[in-house]
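A short worksheet on the structure shown next.
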Amino acid sequence: MKKILLLIMSLFFAVSCSGGSESKPSADFSAAKDVCLSSSPSCKDNINTQNELSQSEKQNVSAAENSVSDSAQISEAGQESDTSDAAKNIAEINSPASASAKKKKIIFVIADGGGPSLLNLIVEYARYVPDSPYKGKPSNLEFMMNSGRIAFVINGTLKTLVTDSAAAATQLATGRLTNPGNLGVDEKFNKAENLAETAKKMGLATGVVTNTHITDATPAAFSAHANNRNMHEFIARSYLEADHDVVLGGGGKYFLDDISFTRHADLKKIIPYYKRFETEGGKQNLIDSLWERDYKVIFDRTGLNHFTGKKLFGLFAYHGMAYEINRPAYEPSLTEMASKALEVLSKNDKGFFLMIESGLLDWVAHPNEAGAVMKELLEMDRMLGLIKEYIDKNPETLLVITADHDTGGMGFEYAHISAEDHERKQKSGYELFSKTDGYSNGQYVAGVTDHMDYAAKNNLAILASQKKTYNQMYQEICLLKPEERTPEKISEIFYSGTGIKLPAEKFFPSMGIEDLSKVLNSELGMFWGTHNHTGAPLITVYYGNQQSLRGGVLQNTELHDSIEDFLKAK
């Protein structure tokens, strides 16, 4: 009997060992795919000889490409390839196997100025506009809010209720309360370690991406330590010490000067914005130092698409990058930069920390550029769709979406309108409501019809289709000869920029940027409380590997602490 039992146990042990050895090649193949990119031919060929993609894997990749491709339709004509190219990159780096418990992958998205009222624009646009490119599906932001978790974040500094980007980003990056203007230091100007530095010490790859300039407050808080956020040349030099694996954004003038072009004449040929240096000059020569640290330095979209190395430094604009509403073809989109950053950082076997800032959202909210705000939100949401596809295949990844502060205090309101405007809007099919007896122009009047405009949902579609900023329209007005600057001509310029045809009497020859803004706000029922930051509370979204993070009400320093706990967890 003993011999029979021993024989049975031996057979069971042999079968178990055999099953384990059979599953190992699949795990090895998955791990190899996670860090192998199509841009590395030798690596790709090696994988192809080991194994072919299974049918389910092909379907997963196809689904990822189709999902993000749908979002690409939101982009302007001539830019529709942005997201499809990015989707291709993500499909190439996604791993179809289960997550590796040892890897730490953190993507920290900061919507600069993105208070709840601004983020709500993209949620409602997808929900309420039937013929939007979302085709009745929720925005990527809403999907992540519903699928992940939400925290309510307050963002006051050590002594103030309202913050600037430097203090807010510093508190998010370091977990230390500080004062406005401080960057990477506490209230006594002591250096405070940021999340990227913590990740770097652990052997993770790090990256910083922004569509402003890389010496701006938010990216700088993850890269530098300065008593004043305006020390741009010092911040630029700090990137040499930070030694991120990927840095992408604008700010070329802080890294190049006459010496740079004297030593390297070919730079003039590969920098699309070189003429800015001829007219305005540069601040310092850091290009040699970047090359010494093994960076490939690129200056346009083509250079980004062709990059296949391990250390990347992109300077795509002289100062800040262009607004999405008028982005030139040579500048990559935020989605494209995020895609390339993920591709490069995924080569690290231990994982990565990546901060992505949708920084131009703040830049267009300050002048209350409503249409440009919507364009920035649409681009950010395209990027979130791309990240979603990455996380679906790499579930060990944590995504945190937050804002540093609110900018503008924007919202919609109802308005009492004139009989003339009521008739004009009604003829165009605009949704209006009227009531008899009530308040008219602030006074109660009995027995009259009060015409009401409650801001139609289609106003969101009008914002999304806006083609020019107020500043662009104003510049066109300024180019007119005095005799040409008529209300009728200004009405035509307004129509070409906004798609809204208004009577000439709403315009006048001396109109400035603020006047154009007021006309659009009045027509769409929008209001802006300020051109500055507000102290409004913020929404933070956790998505992906987020179960261990703290929810509820948080000071923004606690948000840092929660991410740091995730980073350091065994």
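Odds and ends about this structure:
- Any hit, the range 270-290, residues being closer than 30 Å to residue 349 by Cα and in a strand (DSSP E or B): no
- Of the strands (runs of 3 or more DSSP E) lying entirely inside the range 459-570, those carrying at least 3 residues that are buried (at least 20 other Cβ atoms within 10 Å of the Cβ) are 538-544.
- Subset of the range 327-382 [of a type in the set (Gly, Ala, Ser) and within 9 Å of the chain's Cα centre (by Cα)]: 338, 358, 359
- Qualifying residue in the range 210-223 (condition: farther than 22 Å from residue 380 by Cα and in a loop (DSSP other than H, G, I, E, B)): yes
- If you go through the range 196-207 and pick out every residue that is surrounded by fewer than 22 Cβ atoms within 10 Å (Cβ to Cβ), touching a strand residue (DSSP E or B) at 6+ places or on another chain (Cβ under 8 Å) and in a loop (DSSP other than H, G, I, E, B), you end up with 1.
- In summary, residue 325 fulfils each of the numbered conditions (1) surrounded by fewer than 24 Cβ atoms within 10 Å (Cβ to Cβ); (2) within 13 Å of residue 248 (Cα to Cα) with the single exception of condition (2).
- Qualifying residue in the range 333-344 (condition: crowded, with 20+ Cβ neighbours inside 10 Å, touching a residue at least 60 places away in the same chain (Cβ under 8 Å) and part of a loop (DSSP other than H, G, I, E, B)): yes
- Qualifying residue in the range 395-416 (condition: charged (D, E, K, R) and part of a helix (DSSP H, G or I)): no
- Selection of the range 139-153 for residues being surrounded by 15 or more Cβ atoms within 10 Å (Cβ to Cβ) and of a type outside the set (Lys, Arg) yields 139, 140, 141, 142, 143, 144, 145, 148, 150, 151, 153.
- Qualifying residue in the range 275-295 (condition: among the charged types (D, E, K, R) and within 18 Å of residue 337 (Cα to Cα)): no
- Considering 339, 333, 346, the condition of being in the same structural domain as residue 125 (by TED's automatic domain parsing), farther than 30 Å from residue 155 by Cα and not basic (Lys, Arg) is satisfied by 346 alone.
- As a summary of the residue check, residue 125 satisfies the conditions (1) within 17 Å of the chain's Cα centre (by Cα); (2) under 15 Å from residue 376 (Cα atoms); (3) not aliphatic (A, V, I, L, M) except for the one numbered (1).
Per-residue answers, yes or no, for (1) modelled with pLDDT of 95 or more; (2) assigned by TED's automatic domain parsing to the domain that holds residue 222; (3) among the hydroxyl-bearing types (Ser, Thr, Tyr):
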| residue | (1), (2), (3) |
| --- | --- |
| 104 | no, yes, no |
| 111 | yes, yes, no |
| 117 | yes, yes, yes |
| 132 | no, yes, yes |
| 135 | no, yes, no |
| 138 | yes, yes, no |
| 144 | yes, yes, no |
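- Selection from the range 237-274 of residues that are of a type in the set (Asp, Glu) and loosely packed, with under 14 Cβ neighbours inside 10 Å: 241, 258, 266
- Residue, surrounded by the most Cβ atoms within 10 Å (Cβ to Cβ), within the range 361-402, restricted to residues that are closer than 19 Å to residue 321 by Cβ and of a type in the set (Val, Ile, Thr): 373
The values are calculated or read from the model by the stated rules, or taken from the named source; none is laboratory data. Keep in mind the model is a prediction, meaning the values are calculated, not measured. Please note: Cβ atoms are built from the backbone with ideal geometry, for glycine as well, and neighbour counts cover all protein chains shown.
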